[in-house]
Amino acid sequence: MNVGYAAKTRGDTAAARVNFERALVADTSQALPRIELGYLALASGDRPRAAEFLRQGVDRDPSRADAHRQLGYVLISLKRPREAVTAFEGIAKTSSGLAPVDHLALGYLYDDVGREKSALAAFKAASRSEDTVVSIPARRALRVKQGPGTSYFSEGYLAPFYQTRFENTIATGFTRLGIESGSSWGPAAYTSLRVTRDSKSSGGLQSRVLSDNAAILAGGVRVRPARGPIWLYAEAGGARSLLSGSSENSWTRDIRAGAYVVLAHELQLGDGSNVRLLTDLSGDVSWYERFDKNVIGYMQLREGFRVGSLATKAVDFFARGWVGYDSRADFFNRAAEIGGGVALRPGHGFVILAEGIAGRYITDPPAATNRRYQDWRFTAVYGWRKLTPLHDQMAGDRK
């Protein structure tokens with residue numbers, strides 16, 4: 001080993017490599033020759049070989065914090081974040097423990113692999129560093145993860161779709177404007193406008209109504225417990241029918257309250273892969289005064305995989321299950337569906353979906369209606385959300 005170190009000191013990397021390899025052959029249990037060979041491989045630009053030697057070294061001598069750290073950075077450069085997490089976590093088991101810069105690196109890595117709570121804890125630890133090179137980016141990362149504080153917000157969702165079963169096109173959407181707290185439950189107050197109109201419904205004496213066909217203007221409040229996937233809300237306002245000749249052309253009181261859930265999870269199929277497994281759960285259970293004080297709910301689960309990235313363009317392939325509930329036993333809302341589809345995501349909040357569905361009414365329908373049904377649905381979705389902080393959250397970092 002000493003001959004190898006001497007060669008390395010005078011810049012003769014070839015001789016150093018030969019002597020470290022000899023030391024390794026002489027005693028295969030040694031960690032040090034492997035670590036030195038890892039540094040030499042890294043200096044020559046061979047990062048995969050460097051990662052392998054450094055991994056072998058820390059496996060044999062876990063006390064080397066410097067080797068764990070170097071291995072972590074090499075794995076980051078190779079875009080192998082899960083392995084890099086393991087390397088940096090190994091530093092915590094050494095006598096020196098994690099340095100602030102290690103907490104910062106772990107924060108970014110945890111965020112990359114979807115470990116949200118661990119990322120927050122790591123960024124908080126790094127933010128306490130006296131070294132501003134570490135603490136400032138850690139504090140900025142915390143602000144991004146925790147949100148911008150109390151903010152004005154605007155958000156909206158447009159989702160016109162076509163059903164082959166009824167040969168009906170339904171245009172539906174909403175927009176909200178309000179203010180939202182940056183606290184853990186994110187309480188918000190807002191005004192909202194909801195609009196639904198379909199191509200088959202009609203008013204008058206021989207009315208035919210397939211959907212709500214109304215514009216609803218309301219004020220509302222909501223909270224999001226622990227900023228999790230569930231929102232609780234209540235709204236009060238007025239609804240006006242959009243059907244010509246309807247007896248409800250005047251404004252009607254509309255009060256509703258309930259809860260909705262939106263949960264999406266992605267799992268990358270190996271480091272560097274552009275294919276991810278998807279789980280998408282959404283649901284809503286709400287009480288509606290205008291609909292005879294009815295409780296209507298649904299739950300939908302999609303499982304599939306995504307090719308590409310939401311940051312650019314992606315295609316999703318999925319299977320779906322859906323179940324609906326109606327406290328007034330309206331057969332149309334009490335149904336279960338299975339099916340599958342494809343979603344094109346060209347970016348900027350747009351999604352185009354095509355779905356094939358087989359369904360069954362849970363409650364017996366009228367005699368003229370089949371209990372089982374099939375449907376093709378084609379949907380174009382556009383959603384947005386914009387936050388404007390009430391205060392400039394970056395002011396403390398400016399000099």
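Things to note:
- Some residue of the stretch 31-43 being hydroxyl-bearing (Ser, Thr, Tyr), in contact (Cβ under 8 Å) with a residue 24 or more places away in the chain and over 24 Å from Ala14 (Cβ atoms): no
- For the stretch 87-136, the set of residues classified as part of a loop (DSSP other than H, G, I, E, B) and of a type in the set (Ser, Thr, Tyr) consists of Thr94, Ser95, Ser96, Ser129, listed by residue number.
- Helices (runs of 4 or more DSSP H) wholly inside the stretch 1-48 that include at least 2 residues being at pLDDT below 70, in contact with a His (Cβ under 8 Å, 6 or more places away or on another chain) and outside the structural domain of Leu75 (by TED's automatic domain parsing): none
- Single condition Lys145 does not satisfy, out of (1) within 22 Å of Leu267 (Cα to Cα); (2) surrounded by fewer than 19 Cβ atoms within 10 Å (Cβ to Cβ); (3) at pLDDT 90 or above: (3)
- Residue satisfying condition, being modelled with pLDDT under 90, outside any loop (DSSP other than H, G, I, E, B) and not acidic (Asp, Glu), within set Leu267, Leu243, Leu263: Leu267
- Residues of the stretch 215-228 that are touching a strand residue (DSSP E or B) at 6+ places or on another chain (Cβ under 9 Å) and either hydroxyl-bearing (Ser, Thr, Tyr) or touching a residue at least 40 places away in the same chain (Cβ under 8 Å) (or both): Gly220, Pro225.
- The lone exception for Ala336 - which of (1) under 25 Å from the mean Cα position of the chain (by Cα); (2) over 30 Å from Arg253 (Cα atoms) it fails: (1)
- Positions within the stretch 167-220 being at pLDDT below 85, under 30 Å from Leu142 (Cβ atoms) and buried (at least 18 other Cβ atoms within 10 Å of the Cβ), in sequence order: Gly182
- Test for Lys124: is it crowded, with 16+ Cβ neighbours inside 10 Å and among the charged types (D, E, K, R): yes
- So Arg385, is it in a strand (DSSP E or B) and at pLDDT 95 or above: no
- Restricting Arg306, Arg290 to residues that are among the charged types (D, E, K, R), assigned by TED's automatic domain parsing to the domain that holds Gly347 and not in a strand (DSSP E or B) narrows the list to Arg290.
- Summed over the stretch 358-380, the residues that are in contact (Cβ under 8 Å) with a residue 12 or more places away in the chain and more than 26 Å from the chain's Cα centre (by Cα) give a count of 15.
- Being crowded, with 16+ Cβ neighbours inside 10 Å and among the β-branched types (Val, Ile, Thr) is a property that holds for Thr379.
- In the stretch 76-130, residue nearest to Ala311 (Cα to Cα) [restricted to those that are over 19 Å from the mean Cα position of the chain (by Cα) and of a type in the set (Ser, Thr, Tyr)]: Ser77
- Residues being modelled with pLDDT of 95 or more, closer than 25 Å to Trp231 by Cα and among the aliphatic types (A, V, I, L, M) - total across the stretch 274-318: 6
- In the stretch 161-172, the count of residues that are touching a residue at least 24 places away in the same chain (Cβ under 8 Å), more than 30 Å from Arg360 (Cα to Cα) and not acidic (Asp, Glu) is zero.
The values are calculated or read from the model by the stated rules, or taken from the named source; none is laboratory data. None of the values given here were measured: they were computed from a predicted structure. Every residue, glycine as well, gets a Cβ built from its backbone with ideal geometry; the counts of neighbours run over all protein chains shown.
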